[in-house]
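Have a look at the structure below before the remarks.
Where a number appears in this text, it was derived from the coordinates with a stated rule and is not lab data. The structure displayed is predicted, hence computed values, not measured ones. Methodologically, a virtual Cβ is constructed for each residue, glycine included, from the backbone with ideal geometry; neighbour enumeration extends over all protein chains shown.
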Amino acid sequence: MADRDFDVVVVGAGPAGLTAACRAAECGCRVAMLDDNPQPGGQIWRGAAKQATPWVRAAEKHGVVWTAGARVFDAPEPQRLAVETFDGECRVGYRNLILATGARERFLPFPGWTLPNVMGAGGLQALAKSGMPLAGKRVVIAGSGPLLLAVARYLRAHGADVRLLAEQAPQAAVIRFVLSYPRKLVQALTLRAGLIGVPYLTSCWPVSAQGCERLESVTLRRSDGRTWTEACDYLACGFGLIPNVELAALLGCRMSQPSVEVDDLQLTSVAGVYSAGEATGIGGLELSLVEGEIAGYAAGGNADRAKALFATRARHRRFADALEQAFALRRELRNLPHPATLICRCEDVTMERVRACSNWREAKLHTRCGMGPCQGRICGGAVEFLLGWQAESVRPPVLPARVRSMSR
Ligand SMILES: Cc1cc2nc3c(=O)[nH]c(=O)nc-3n(C[C@H](O)[C@H](O)[C@H](O)COP(=O)(O)OP(=O)(O)OC[C@H]3O[C@@H](n4cnc5c(N)ncnc54)[C@H](O)[C@@H]3O)c2cc1C
């Protein structure tokens, strides 16, 4: 792709990015949509789901320029992004920018969490969606949040032998949450119906994973102290989601920890830069869709159409608040890592070494924690929960990039 300028550039082609791009293009803007994946759809749709099709078609109809495999790794000058594509690097200019960069899974370290076949719940689902065969494989799913149920249902439907689902939240919190949202209750019951025979254990979490070359079993604990070991081939583990805010932080957008702060029109603290979807807070599909629409209309100059969607967004935000409360991580999980447990798997830094420091900056300087290829994307979320430290600064590249791309 050659260097180009657009009225509106959308980073992220998940539900929020797709709706934002469509609405901005409907307003008559020249729009580009960039995403590092080969197909639009983001985490939930991954290019294949039929729910994405109407939005992808609408984007095509309105002339949205879609670039597959376009990784935005820097913002080297005002209103210009540095983008790496499959075959090169280019600069993309914008008048207005919409950051719809989504979220990633939060991992919590425990002894054995770096063994092969211990992976993120959404990560294992993504591998299955890309064709990895799981038929007959024994899978334990553990962590927190509704994503675990969706993953369990998907893996089972694709032949996996899902042994159990361990949810760290207490049963009372989960029941209260589900009962207060009748539509979600229907969704939850539908998911559960596809999991008949699979135990859903609340107040339950993994404490260690065992194996030689690869995972062989996981040890689980319940809040009453009962501890036992389950043999399995895969452990799919995720303790909620963390917003992807690195690009917003690089652009100087104010944060409302851990998300990008936005006003009613999804405008960040930086003029011309909007944000929508899970980057602005974890709230599920419907909230991402409507936030994307609002940001798209606002960036396209039609504030009235944006305002007409405020009530819908408020309803979905209430759901997001309830979600956060129901699946808040319990304090006991702070004791999961032992002194010798790796916290930073890129740089082999143990809990003992991280704990000897007094903040994130000191840990980086003295141990290289968070300085490896993932740039703290994995250990940062864990350290934030375990020790309450926030990452202080973001430097380019915000995603790994070729040296040639960065030397322009
Ligand atoms: C791993 C995972 C699996 C999930 N699976 C489910 C599920 O099965 N069911 C469910 O209901 N919900 C699922 N969710 C939650 C779901 O993703 C959200 O509810 C919602 O769809 C988020 O939409 P979004 O548009 O905000 O973000 P996303 O769908 O995450 O889209 C953001 C997109 O931005 C791209 N991106 C980010 N930074 C850059 C950059 N710098 N350059 C280029 N591209 C960039 C990402 O690759 C991604 O494609 C999952 C979440 C995760 C993290």
Summing -39500 (n - 2.57) over every DSSP H run of at least 4 in the chain, dividing by its residue total and rounding to the nearest 500, the 222 nm mean residue ellipticity is -9000 deg cm²/dmol
Extension gain from MET255 to SER223, taking 0.36 nm per residue of separation minus the Cα-Cα distance: 8.1 nm
Whichever lysines have a C-alpha closer than 20 Å to that of LYS137, once near sequence neighbours (fewer than 8 apart) are set aside: LYS129
Going by how many other Cβ atoms sit within 10 Å of their own, how do GLU230, GLU293, GLU105, GLU60 line up, fewest first? GLU60, GLU230, GLU105, GLU293
In segment 140-222, what trypsin sites (Lys or Arg not before Pro) fall in a loop by DSSP, with at most 16 other Cβ atoms inside 10 Å? ARG214
Would you grab the residues whose amide H sits under 5 Å from the one on CYS344? Only those 5+ places off in sequence or on another chain, please, with H modelled 1.01 Å from N. VAL349
Which residues' amide hydrogens lie under 5 Å from the amide hydrogen of LEU195, considering only partners 5 or more residues apart or on another chain, with H built in the peptide plane? none
Counting other Cβ atoms within 10 Å, keep those with at most 10, restrict to DSSP loop, and tell me which GluC sites (Glu not before Pro) in segment 346-408 are left. GLU392
Cys residues of the chain counted as unpaired, since no other Cys beta-carbon is under 4.7 Å: CYS22, CYS27, CYS29, CYS90, CYS204, CYS212, CYS232, CYS237, CYS253, CYS346, CYS357, CYS374
Taking the chain as a Gaussian network, Cα atoms linked when under 10 Å apart, which of GLY197, GLY277, GLY380 shows the biggest mean-square fluctuation? GLY197
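Considering only the chain, what is the antiparallel percent among its DSSP beta bridges, to the nearest 5? Don't jump to the answer; show the numbers that get you there.
Working: 30 of 64 bridges.
The answer is about 45 percent antiparallel.
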About the Cα centre, and with charges only on the beta carbon of Lys, Arg (+1) and Asp, Glu (-1), how big is the dipole of segment 21-69? Nearest 20 debye, please. 160 debye
When the charge dipole of the chain is computed with +1 at the Cβ of Lys and Arg and -1 at the Cβ of Asp and Glu, the Cα pointing farthest to the positive end, of ALA166, CYS22, THR367, is that of ALA166
Quick one: check the C-alpha center-to-center distance for segment 250-307 versus segment 97-119, whole angstrom. 24 Å
What number, in percent, do you get for the relative contact order of segment 1-158 if the mean sequence gap of Cα pairs under 8 Å and at least 6 apart is divided by its residue count? 24 percent
With only Lys, Arg, Asp and Glu charged, each at its Cβ (+1 for the first two, -1 for the last two), find how big the charge dipole of the chain is about the Cα centre; round to the nearest 20 debye. 700 debye
Beyond 27 Å, the calculated P(r) of the chain holds a percent of Cα-Cα pairs equal to 52 percent
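Give, in nm to one decimal, the length gained when the segment between SER180 and THR85 is fully stretched (0.36 nm per residue of separation minus the Cα-Cα distance).
29.7 nm
Take the Cα pairs of segment 242-376, get the Kirkwood Rh, then feed it into Stokes-Einstein at 10 °C and 1.306 mPa s and tell me D in µm²/s.
Answer, rounded: 92 µm²/s.
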Around VAL218, what is the net charge, scoring Lys/Arg as +1 and Asp/Glu as -1 over all other residues with Cβ under 13 Å from its Cβ? +1
Percent breakdown of C-alpha pair distances by 5 Å bin, ordered from the shortest bin, for segment 318-408: 2, 12, 21, 20, 14, 13, 10, 5, 2, 1
For segment 377-386, in residue order, the Karplus 3J(HN,Hα) values (coefficients 6.51, -1.76, 1.60; θ = phi - 60°; whole Hz; Gly and Pro = x) are 5, 9, 6, x, x, 5, 5, 4, 6, 6
Could you tell me which trypsin sites (Lys or Arg not before Pro) in segment 252-333 are loop residues by DSSP with no more than 12 other beta carbons within 10 angstrom of their beta carbon? ARG254
Translational D in µm²/s for segment 9-135 (Stokes-Einstein at 25 °C, 0.890 mPa s, Kirkwood Rh from C-alpha pairs): 153 µm²/s
Cut-off 18 Å (backbone N to label point 7 Å along Cα→Cβ of ARG317), residues of segment 266-287: 266-270, 274-287
Here the relative contact order (percent) of segment 334-379, from C-alpha pairs under 8 Å and at least 6 apart, is 34 percent
Taking the Cα centre of segment 282-408 as origin, sum charge times position over the Cβ atoms of Lys and Arg (+1) and Asp and Glu (-1), and report the length of that vector in debye to the nearest 20. 300 debye
Once phi is turned into θ = phi - 60°, what whole-Hz ³J(HN,Hα) does the Karplus curve with 6.51, -1.76 and 1.60 give for every residue of segment 201-215, x standing for Gly and Pro? 9, 8, 6, 9, 8, x, 10, 6, 10, 10, x, 9, 6, 8, 4
Name the residues whose placed amide hydrogens come within less than 5 Å of the amide hydrogen of PHE6, ignoring near sequence neighbours (fewer than 5 apart) on the same chain. GLY93, TYR94, ARG95
